[in-house]
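Everything on this sheet refers to the single structure shown next.
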Amino acid sequence: MNQGTVRILRILAIVAIALNIAILATQIKLGDFAGGTELTKAKSFANFLVGDLQELAGTLGVAEKANVKQAMAKLHYDVYLADNQTELAGIIQNNASVTRDLIFSEYARLNAEKVLAVLNSAQEVQYADSQAVLTVEPLPAGGYAVSPANNLRETTVNALKQIENLLSRDSLRKFFQPFRLLSTFKVLIENGGAQLVPQNPEQDTIKYLEGEIENLRREYAKVNKIAGFAEISGPGVVISVYDLVFSVSGGDLRRIVGELFSAGADAIAINGQRLAVNSYIVDAEEGITVDGIVLRNNPVIIQAIGDPTTLVAGVDLLFSVSFKGMLSFDIETRESLVLPAKALQ
């Protein structure tokens, strides 16, 4: 077994078992097996699977296809934005398998082009005086079969059987059934040439539009979370900021918020008040105001969702340099924080 076959077999095996593991993701506390938060460990595993799908696409020569690149980028982004293990399990169980099938489909499309090249070079096709529709499907041992093959010469039929596909490798033939479904197509022989026959164009269009609508719904939900207009949860930090020599000002809070976002915070709330894309923090006569609401708590409590280690490092640096001797703070890491959506005013 050559190295290429071993690599593809490993990738497909991992992707196949991923569906079963994903179902267990909401039941098993991954944090019990190693350090770090449960969600962080689950995301690490998910990214491992995404990386294997990327390798599969590269090995099959479809990684640069526009729709494959888009699907892989979306899968990475979905994993990054997942708020909990249940959502992450759904992404791996559904989105990852869809991406895998897309990779197989694109690979099948490349093979279909090879089939058309063989047919279009055959004299019996070039000189055909009648129209015919052929069904082409992969063979369990590799290559392609055509039916009905009455008008094709034996040399053409044999040439089709020699086209390599995923099933040409002994170790990968257990994937025959899903690959067969994605690799069966029809060819129209007409006017001395062979071309693919679109299959159910209306149904394909409806399926595409339904998929796009679902994508828009998901993107809308993600944008809402990032913009501050939807509840979001995840690991993060809670920072208590105290007066020391000077009182906490709006400018101080803006610097802290800016540092947290620079350190990768996904969402921030001040005294329980969620910041959004249109939020503002200013000093007023009555005190610091956030989006027009006066902060009356002392200390000021800032919650931030993101990687706790990175957020702590950013805040420590800010207080040890810029705010040294001026303000004091306490910081706690949390495995799970829930920040509400910004209240509409």
Show the residue pairs meeting these rules: Cβ distance below 6 Å; 6+ apart or different chains; first residue within segment 245-269 and more than 12 Å from residue 326 (Cβ to Cβ) and modelled with pLDDT of 90 or more; second residue among the polar types (S, T, N, Q) and outside any loop (DSSP other than H, G, I, E, B). 269/303
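Within 15 Å of residue 259 (Cβ to Cβ) and either part of a loop (DSSP other than H, G, I, E, B) or not assigned by TED's automatic domain parsing to the domain that holds residue 242 (or both), is that true of residue 319?
Working: within 15 Å of residue 259 (Cβ to Cβ): yes; either part of a loop (DSSP other than H, G, I, E, B) or not assigned by TED's automatic domain parsing to the domain that holds residue 242 (or both): no.
Considered against the rule, which asks whether it is within 15 Å of residue 259 (Cβ to Cβ) and either part of a loop (DSSP other than H, G, I, E, B) or not assigned by TED's automatic domain parsing to the domain that holds residue 242 (or both), residue 319 comes out as no.
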What are the residues in segment 284-312 that are among the small types (Gly, Ala, Ser), touching a residue at least 40 places away in the same chain (Cβ under 8 Å) and out of contact with any Leu (no Cβ under 8 Å at 6 or more places or on another chain), if any? 292
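Residue 275 - would you say it is at pLDDT 90 or above and either closer than 15 Å to residue 339 by Cα or touching a helix residue (DSSP H, G or I) at 6+ places or on another chain (Cβ under 6 Å) (or both)? Give the steps one after another, and end with the answer.
Numbers: at pLDDT 90 or above: yes; either closer than 15 Å to residue 339 by Cα or touching a helix residue (DSSP H, G or I) at 6+ places or on another chain (Cβ under 6 Å) (or both): yes.
So residue 275 fits the description; yes.
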Let me confirm something: among 182, 172, which residue is at pLDDT 70 or above and either closer than 30 Å to residue 266 by Cβ or part of a helix (DSSP H, G or I) (or both)? 182
For segment 279-286, indicate whether the set of residues that are in a helix (DSSP H, G or I) and either over 22 Å from residue 233 (Cβ atoms) or assigned by TED's automatic domain parsing to the domain that holds residue 83 (or both) is non-empty. no
Can residue 265 be described as touching a strand residue (DSSP E or B) at 6+ places or on another chain (Cβ under 6 Å), under 24 Å from residue 338 (Cβ atoms) and either of a type in the set (Asp, Glu) or assigned to a loop (DSSP other than H, G, I, E, B) (or both)? yes
Is it true that some residue in segment 119-137 is within 27 Å of residue 61 (Cβ to Cβ), of a type outside the set (Phe, Trp, Tyr) and free of Cβ contacts under 8 Å to residues at least 12 places away in the same chain? yes
Is at least one residue of segment 308-328 at pLDDT below 85 and within 28 Å of residue 81 (Cβ to Cβ)? no
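Quick check: is even one residue across segment 82-90 assigned by TED's automatic domain parsing to the domain that holds residue 186 and touching a Leu at 6+ places or on another chain (Cβ under 6 Å)?
As a first pass, look at segment 82-90 and keep what is assigned by TED's automatic domain parsing to the domain that holds residue 186: none.
Scanning segment 82-90 turns up no residue that is assigned by TED's automatic domain parsing to the domain that holds residue 186 and touching a Leu at 6+ places or on another chain (Cβ under 6 Å).
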Kindly indicate whether any position in segment 237-256 is buried (at least 16 other Cβ atoms within 10 Å of the Cβ), aromatic (Phe, Trp, Tyr) and not in a loop (DSSP other than H, G, I, E, B). no
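What helices (runs of 4 or more DSSP H) completely inside segment 75-139 contain at least 1 residues that are over 18 Å from residue 50 (Cα atoms)? Let's see the steps before the verdict.
On the way: elements: 85-90, 96-120, 123-126.
Output list reads 96-120, 123-126.
The values are calculated or read from the model by the stated rules, or taken from the named source; none is laboratory data. Please read these numbers as outputs of a predicted model, since none were measured by experiment. Backbone-built Cβ (ideal geometry, glycine too); neighbour counts: all protein chains shown.
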